Amino acid sequence: MTDCPPRFKAHAKAALEKRANLVAEMRAVRDDANLSDAEKRERIERLDVDINGYEAEARDAVERGEREAEVRSLGSRAGGLFAPTGNRHQDKGDSWRGLMPSANEYRELIAENSPSSGGYTVPSETASKYVDALKANSTFLRGLPADSIVPFNSDTFSVPQLVSSTGGDYVEEGQTIPEGEMVWGEVKFEAKKIGRIQWASSEVLEDSAVNLRNVIAGNLLRDASLKFDADAFTGSGTNPIRGILSQGVSTTLGAGKVTVTYDDLADAVARIESMNGTPSVVWASVDMAAALRKEKAAGSGTYQGGSPVDSPASTAWGLPILPSAFLPPKTVAVADGSRIMVGIRRNASVKVSEDARFDSDQIGFRLIMRVAGVSLAETSSAQIMKAAAS
């Protein structure tokens, strides 16, 4: 930002200061014990929209300032060739304006409202829908409570982890109570970007019978959620995002148990509860989700999960059963969602550009989101069951 004109620096600084204030407010909301989870979620999502808006505003100010500085430099090197010949005393500092309009001026010519609004596919008041849409598209995120999705504002996401602690002990009357000891560590994740660009000609956008802009944005969002789900479930130490399969406790069923049953789910629930956890979600591979849906009680022909009108496909003891194509075959995961954390550095956003392929009259749609890993508070919070091969 060294070459950025002062007025753009001031604009960017003001936007970042407003963003910092909102981040502090978001943390206060998250820690407010007087608010319900639903109230926290609503306020955090509303604040997140404004935070992303100020971040984009600061980035836009810097980019516009750098472009203007570059154009000024071009004009200076041109030696005033484009200055009107009738005025030798014209300020050469303004001679760059004869070359081309700055990015800011160009946006003012084509945008009906503020210059910074020209680069977005949707106005700011509807951009928050992408947060909800991402969660709706992601099987993994749908299984987590709102508090498990943690926004952060640095290049790394640090999760405190209790490594060990000394428990309480009996104390005789009048004796000194011994001190306990807690050893804390942390798990750090780097923010990783998921991005994609889609091009479309202006003719296709104009002539399409559907709102193709929204279709393209929706497809980009779906693809991003699928990429995230793939690693959130099965990512190993070599992946940008480590998955729960590599962090939870795995149990392989004995020979002959070729499907995971409701009895196996009961065992997994008990193992989580034994560590004071609260099971909240069941993720299942496609074949195991189908097997659970069709499982019947012995001798009765009644579905184990209840009659079809009771939605046996979607719940087990009140826990949602969410199928995922990214879990390996014969795999079911029972988890305490409150003990799983996902860091979101930047919510999914779609921007449009009409400049990059100006010569071929193509419009570019770019999706970007930044996430920073999946972390389990303790391995017992995710119980992974794998049916026997035969």
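Screening the candidates 186, 173, 203 for the property of being in a loop (DSSP other than H, G, I, E, B) and either farther than 25 Å from residue 322 by Cα or not assigned by TED's automatic domain parsing to the domain that holds residue 336 (or both) yields one hit, 173. On the stretch given as segment 317-338, residues that are surrounded by 22 or more Cβ atoms within 10 Å (Cβ to Cβ) and at pLDDT below 90 total 1. When we screen 164, 154 for residues that are over 17 Å from residue 368 (Cβ atoms), in a loop (DSSP other than H, G, I, E, B), at pLDDT below 80 and among the hydroxyl-bearing types (Ser, Thr, Tyr), the only hit is 154. Looking across segment 122-151, the residues that are outside any helix (DSSP H, G or I) and modelled with pLDDT under 55 come down to 122, 123, 128. Scan segment 234-251 and give yes if some residue there is over 15 Å from residue 381 (Cβ atoms), modelled with pLDDT of 90 or more and surrounded by fewer than 20 Cβ atoms within 10 Å (Cβ to Cβ), otherwise no. Looking through segment 234-251, at least one residue is over 15 Å from residue 381 (Cβ atoms), modelled with pLDDT of 90 or more and surrounded by fewer than 20 Cβ atoms within 10 Å (Cβ to Cβ).
The values are calculated or read from the model by the stated rules, or taken from the named source; none is laboratory data. Remember, it's a predicted structure, so these values are computed and weren't measured experimentally. Because the Cβ atoms are built from the backbone with ideal geometry, glycine has one as well, and the counts that use them run over all protein chains shown.
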